[in-house]
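What follows draws every value from the coordinates through simple rules; no lab data is involved. Owing to the predicted nature of the structure, the values given are computational and were not obtained by experimental measurement. Positions of Cβ are generated from backbone atoms using ideal geometry, with glycine treated the same way; all protein chains shown enter the neighbour counts.
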């Protein structure tokens, strides 16, 4: 099987059902950003971090592929058959967030992203996730999607924020607070 098909050379791509749409279509932009997030999670997972975190990131990547397939399908029945996301996955994110957050000092200020490449990768994942969520919310206004997808992406960005703080603590790096000028 060749990787190139030449069918996209004119600026169109096929959805899961075979329907052709422009590559700038809201649906394509939404699942493309989810794919971008998934790639950056792979980069984060390749770093020197604990195995349980790597394993959880792998679970997230599987979920994002499922979400991407769901979003790439313009037939509701077929799309729903591809998505096995439930409240359980969002609850798992919340449990991970709570477990990490319980080890951290309370936040008193916003923190500047950075301090270590691993922490920076977490913030890149967080911001791409927020962009994917914004695109998803926009897409949802015209093409209603399952609320579980919106909830999952919202919580996922929170997860990456807390993971950044957690790894900052684990790596014994100082959080740089953002303090507005007066």
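Tabulated data
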{"item": "Debye equation applied to the C-alpha atoms of the stretch 87-182, log10 I(q)/I(0) at 0.11, 0.19, 0.21, 0.24 Å⁻¹", "result": "-0.38, -0.93, -1.05, -1.21"}
{"item": "Among [x] 93, 42, 29; [y] 50, 41, 33; [z] 59, 44, 30, the entry that matches Cα extents along the principal axes in Å as calculated here", "result": "[y]"}
{"item": "Cα gyration tensor category, rounded, prolate or oblate, for the stretch 1-90 with a/c compared to 1.5", "result": "oblate"}
{"item": "Surface/4 of the Cα convex hull for the stretch 45-118, nm²", "result": "7.1 nm²"}
{"item": "Cα centroid separation, the stretch 134-182 to the stretch 47-91 (Å)", "result": "16 Å"}
{"item": "Residue order, fewest to most surrounding Cβ atoms within 10 angstrom, among 5, 33", "result": "5, 33"}
{"item": "Helix-only mean residue ellipticity at 222 nm for the chain, each DSSP H run of n ≥ 4 adding -39500 (n - 2.57), per residue, nearest 500", "result": "-21000 deg cm²/dmol"}
{"item": "Which of 88, 23 has the fewest Cβ neighbours within 10 Å, and the rest in rising order", "result": "88, 23"}
{"item": "Packing rank of 155-167, 105-117, where each peptide gets the mean count of other beta carbons within 10 Å, highest leading", "result": "155-167, 105-117"}
{"item": "Rel. contact order, % - alpha carbon contacts under 8 angstrom, at least six apart, the chain", "result": "25 percent"}
{"item": "Order of 51, 149 under a 10 Å beta carbon neighbour criterion, fewest first", "result": "51, 149"}
{"item": "Binned Cα-Cα distance frequencies in the stretch 11-50 - 10 Å width, integer %", "result": "28, 37, 22, 12, 2"}
